[in-house]
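> Can you read through this structure? Questions will come right after.
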Amino acid sequence: MDKTNLILEKPEGRLIDRENINLVKTPEFAPSVLSIYLAIAAGSLIFFGILHKKVQNHITTDLLSHINRVPCMHCHFFTMNPYLRCAVNPVTVLTKEAIDCADYCPRTNKHL
């Protein structure tokens, strides 16, 4: 519905004027503004996607390096139970305080 012909008639039925009227008036700068908004939106999505991956990678490497230093996984008192991971020190299990745990007992120990 870009253009519509408007015909004006007098009461006697004679045609007076015929005009082309644009019913949908869009500014001429609208396509360029829309393309700018789309470019900004696409750029911000790419930027935040890359930022999210870098933060996630940083968190993962920090967590893995922390877990590798904690001896809890190889301790005799450690279980995979999510409610009680360690029977001796349940508060400090898998934390930095557990690195120097006095109650650490390797699983290969045959005495227990």
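> Going through segment 61-99, which chymotrypsin sites (Phe, Trp or Tyr not before Pro) have at most 14 other Cβ atoms within 10 Å and a DSSP loop state?
Tyr83
> Taking the radius of gyration and the Kirkwood hydrodynamic radius from Cα positions alone, what is the Rg/Rh ratio for segment 49-93, to two decimal places?
Details: Rg = 14.2 Å, Rh = 12.2 Å.
Taking Rh as the inverse mean 1/r over Cα pairs, Rg/Rh reads 1.16.
> Suppose accessible area is computed on protein heavy atoms with a 1.4 Å probe; arrange Met80, Met73 from highest to lowest. Provide the component values of the computation, followed by the final result.
On the way: Met80 135, Met73 80 Å².
Descending order: Met80, Met73.
The values are calculated or read from the model by the stated rules, or taken from the named source; none is laboratory data. Since we're looking at a predicted model, the values are computed, not measured. When we count neighbours, we look across all protein chains shown, and the Cβ atoms used for this are built from the backbone with ideal geometry, even at glycine. Surface areas here come from the heavy atoms of the whole protein model, side chains and all, with no ligands, DNA or RNA. Shrake-Rupley method; radii C 1.70, N 1.55, O 1.52, S 1.80 Å.
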